[in-house]
Amino acid sequence: MEISSTITETEPQKFALPVDSEHKATEFHLFSAAAPHMRAFHLSWISFFSCFVSTFAAPPLLPIIRDNLNLTATDIGNAGVASVSGAVFARIAMGTACDLFGPRLASASLILLTAPAVYFTSIASSPISFLLVRFFTGFSLATFVSAQFWMSSMFSGPVVGTANGVAAGWGNLGGGATQLIMPLVFSLIRDIGAVKFTAWRIAFFIPALFQTLSAFAILIFGQDLPDGNYQRLQNSGTKQKDKFSRVFYHGITNYRGWILALTYGYCFGVELTVDNIIAEYFYDRFNLKLHTAGIIAASFGLANLVSRPAGGVLSDMMAKRFGMRGRLWALWAVQTLGGVFCIILGQVGSLTASIVVMIVFSVFVQAACGLTFGVVPFVSRRSLGVISGMTGGGGNVGAVLTQLIFFKGSKYSKETGITLMGIMIVCCTLPIFLIYFPQWGGMFCGPSLEKIATEEDYYLSEWSSKEQGKGLHQASLKFADNSRSERGRRVHSQTLSSNATPSANV
Amino acid sequence: AGEDKITVRWGLNQSLPAGTDSAYKTIKVQLCYAPISQVDRAWRKTEDHLSKDKTCQFKIVKRPYTTGNQTLEWTIERDVPTATYFIRAYALDANDHEVAYGQNTDVKKTTNLFEIQAISGRHVSLDIASVCFSVFSIVSLMGFFFVEKRKGRKAQQ
C-alpha cells in the first residue's frame, strides 16, 4: 500500500512539466509531446478530431450520395438529426465510464466500436441504411467527454481551461476540415478512375482508418493519470475503485451540472446546428456555387483553431484575477454576445456582411464553449465524468432541439430561424446567474461568510462519512487544496497561510 | 445506367412557318427529371429562369443544328441516378441562348416518361473490405483488453 508521501514534494525530475500535489501539470506546453501530460493532450485532440471528421464526412459529399441512394431532402434532414442525437446519451454514458474505467480505455473502446459504422457507410444502399450509419457514427462524438475528462485529470486549475479549450477546439476543427478533406479525397479517387458512385464509398475508408489508428495510439501511448493507468493504480491500492451508483448520484444531483448542460446546448449545440445548415443557407440566399458555400461553411468550423482555445485561455486568465466568479462572468458575457451576433446574422442581407458577422458569431460561440469547460472541472471531483457527460450531452440536445424547432420543414425561412436561434441563445444563457459555489461565490454573490464554506467542505460533501472513514476521499482532498486558486488573486494571498483551519474571511 | 442505350430522334415541327429555325445554331439534348423525381428534392427544382433551373442535369449531346430529322443512340452514363425522366432538346442561337425547345412528354410532364436504374456503386471487394476492417477493429479492441488484463494479473502476482 503506497503511502502518499508526495503531498509537499513536486518531484521535478519525474515529470517533464511542473506539477501540483496530484501530479497534474501546472503549465501547458503546446509543442511538447512529453509523457504523460502533453502526450495525453495530443492523443486526445487527434482522436477527437478523427471522430469529428467521420461524423461530418457525409455532408460535403451529399450531392453525390443523395443521387446514389435516392435520398429526399427529408431523408437528409433526418440523417442530420440522427448524426447528433446518438451522442446525447453516449456522452453521459462516456462520462460515467471515465469515472469508473478511466479515459484511456473508455475513449479507445468507443472509437473502435464506432469505426465499423464508418466502414459500413461505404456499403450503404438506401435512405434507412444511410440514416443508421450516420446515427451510429455520431456516437463517436462522445469522445469529447473523455478528452475533457482526460485533460481535467492531467492539468491543474490554472491551465485546465486552456488544456480543455485547445483539445476540444482542435478536435472540433475536424468538422470544418472534413468539408475540405472529403471532397479532395473523392476527387483523387475519381481521377484515378473510379466512377462517382464508387469513389465516394472508397473515400470513407480514409476517416475510418484514421479513427482506427488513433484508437490504437491511445491504447499504446496513453495513460489515464499522471501516475499511471486506473487498473494498475487500483490493483496497487493507490486509487480506489468507485461505485457506479454513487458516482452517478452525485453527478445528477448537482444542479450546476444541469445549468451547464442547458447553456452548453446554446453554444455547442448551436455550433453543431450551424455546421449542418450554414452551407445551404449561403447557397440558397446568395446563390453561391455549392463549392463556395462549402468553403464558407468550412471556415465556420475552422475558426475553432483559435476561438475555442481563446475561450479556455480567457477563462484561466479571469480565474487568476477574479477566481471562479471571473470565469462565470466571462462565460455569460461571451455567450450572450454570441447570441446577439446570431440575431444580427439573420438580419443582414449582403454577402460580405453575412460572412463577417458569421465569423464574429463563430468566434464568440466557440469561445463560450471553451469558457464552459473552464467551469466544468470544478463542479465535481468525484463525478467529474458524469458532469462532463451531462454538459456534453446537453450540447447535443441543444443541437437536436434547435434543428427541430427552427430548421425543419419550411415553417421559418433560414434567416428567421437564425435570428430566433440567437434570441434563444440569449435567454438560455441567463441561468448562469444561478450558479453559486459556497466557497467562491457566484456572479452576483460573494463566497459564503459561514464557517463551512471551504473547498474541502464542497468536495468532501460528495463522500459519506463512512466512505471518508475508509479513506476513499483522498484524491478529492488534494483537489480541494489545489483548487484554492479559484478564489482569485486578492483573497488567495490572504488565505495561503491559513488553509488548515478555515477562518472567517471578511 | 452504364449499360442500356436510348435512341433519341428530333426534328423541326414541319407545321411551323418556314424560316422559324433561322436563328438555331446548336441543338442541346438533355436528360431531365420528371416531377415525381423532383418531390422533396430542392436540388432538382424547376425554375422559370433558365440559369437557375435544375430540371435537366445531364447532357446527352450538343451538336450544330441541321435541318431535317436527327437520330442519336446514347449509352446512359454510369453516374445517372435512379429516377423517372423525360428528354428535352433546346435550340440555341449564336450566343448560346435558348430560343426554342421540344420534349418527348406533354406540357405537364406526365406522359411518356421512363425510368432509369442507377448503378449501386458497390463492389464485392468493397463489401469484403468493410466487413474485414470492422471485424479487425472489434477483435483488436478485445485483444488489447486481454493483454491489459494479463498485465494486470501479472503485476499483482
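Screening the stretch A:129-145 for residues that are free of Cβ contacts under 8 Å to residues at least 60 places away in the same chain and in contact with a helix residue (DSSP H, G or I) (Cβ under 6 Å, 6 or more places away or on another chain) and picking the one that is nearest to A:Gly102 (Cα to Cα) gives A:Phe139. The condition (being modelled with pLDDT of 85 or more and loosely packed, with under 11 Cβ neighbours inside 10 Å) is satisfied by just one residue among B:Val135, B:Val124, B:Val131: B:Val124. Just checking, does the stretch A:195-215 include any residue being under 28 Å from the mean Cα position of the chain (by Cα) and outside any helix (DSSP H, G or I)? Looking for residues that are under 28 Å from the mean Cα position of the chain (by Cα) and outside any helix (DSSP H, G or I), one finds at least one in the stretch A:195-215, hence yes. Considering every residue within the stretch A:333-350, establish whether at least one is within 28 Å of A:Thr26 (Cβ to Cβ) and either in contact (Cβ under 8 Å) with a residue 24 or more places away in the chain or among the β-branched types (Val, Ile, Thr) (or both). Yes, the stretch A:333-350 contains at least one residue that is within 28 Å of A:Thr26 (Cβ to Cβ) and either in contact (Cβ under 8 Å) with a residue 24 or more places away in the chain or among the β-branched types (Val, Ile, Thr) (or both). Only residues that are crowded, with 23+ Cβ neighbours inside 10 Å and within 17 Å of A:Arg134 (Cβ to Cβ) were counted in the stretch A:193-216, giving 7. A:Ala319 meets all of the listed conditions (1) touching a residue at least 12 places away in the same chain (Cβ under 8 Å); (2) closer than 20 Å to A:Ile425 by Cα but one, namely (2).
Within the stretch A:267-295, work out how many residues are modelled with pLDDT of 85 or more and in a helix (DSSP H, G or I). Lay out the reasoning, then the answer.
Initial filter on the stretch A:267-295 (modelled with pLDDT of 85 or more): A:267-274.
Next, only the ones that are in a helix (DSSP H, G or I) stay: A:268-274.
Qualifying residue count, the stretch A:267-295: 7.
Restricted to the stretch A:181-203, and to residues there that are facing another protein chain (nearest Cβ under 9 Å) and aromatic (Phe, Trp, Tyr), the residue that is farthest from A:Trp45 (Cα to Cα) is A:Phe197. Here A:Arg190 clears all of (1) surrounded by fewer than 21 Cβ atoms within 10 Å (Cβ to Cβ); (2) closer than 27 Å to A:Ala303 by Cβ except the condition numbered (2).
Filtering A:Thr402, A:Thr419, A:Thr372 for residues that are farther than 28 Å from A:Ala90 by Cα and not in a loop (DSSP other than H, G, I, E, B) leaves a single hit, A:Thr419. Identify all residues within the stretch A:476-506 that are of a type in the set (A, V, I, L, M), modelled with pLDDT under 80 and not in a loop (DSSP other than H, G, I, E, B); write none if there are none. Matches in the stretch A:476-506: A:Val491, A:Leu496.
Yes/no matrix, rows are residues, columns are (1) assigned to a loop (DSSP other than H, G, I, E, B); (2) more than 14 Å from every other protein chain (Cβ to nearest Cβ); (3) surrounded by fewer than 24 Cβ atoms within 10 Å (Cβ to Cβ):
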site	(1), (2), (3)
A:His42	no, yes, yes
A:Ser47	no, no, no
A:Leu62	no, no, yes
A:Asn78	no, no, yes
A:Ser85	no, yes, yes
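Taking the criterion of being within 14 Å of the chain's Cα centre (by Cα), away from every other protein chain (no Cβ under 14 Å) and closer than 17 Å to B:Lys109 by Cβ, the residues of the stretch B:36-59 that qualify are B:Thr55, B:Cys56.
Would you check if A:Thr26 is more than 21 Å from A:Leu105 (Cβ to Cβ), modelled with pLDDT of 85 or more and touching a Pro at 6+ places or on another chain (Cβ under 7 Å)? Yes.
Yes/no per residue for (1) within 30 Å of B:Thr84 (Cβ to Cβ); (2) at pLDDT 85 or above; (3) touching a strand residue (DSSP E or B) at 6+ places or on another chain (Cβ under 8 Å):
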{"site": "A:Glu2", "(1), (2), (3)": "no, no, no"}
{"site": "A:Glu11", "(1), (2), (3)": "no, no, yes"}
{"site": "A:Ala58", "(1), (2), (3)": "yes, yes, no"}
{"site": "A:Met94", "(1), (2), (3)": "no, yes, no"}
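When A:Ser126, A:Ser54 are checked against the criterion of being modelled with pLDDT of 90 or more, within 14 Å of chain B (Cβ to nearest Cβ) and touching a Leu at 6+ places or on another chain (Cβ under 8 Å), A:Ser126 stands alone in meeting it. Within the stretch B:62-76, the residues that satisfy the criterion of being β-branched (Val, Ile, Thr) and within 14 Å of the chain's Cα centre (by Cα) are B:Thr75, B:Ile76.
The values are calculated or read from the model by the stated rules, or taken from the named source; none is laboratory data. Fair warning: this is a prediction, and the values are worked out from it, not measured in the lab. Here the Cβ is made from the backbone with ideal geometry for all residues, glycine too, and neighbour counts use every protein chain on show.
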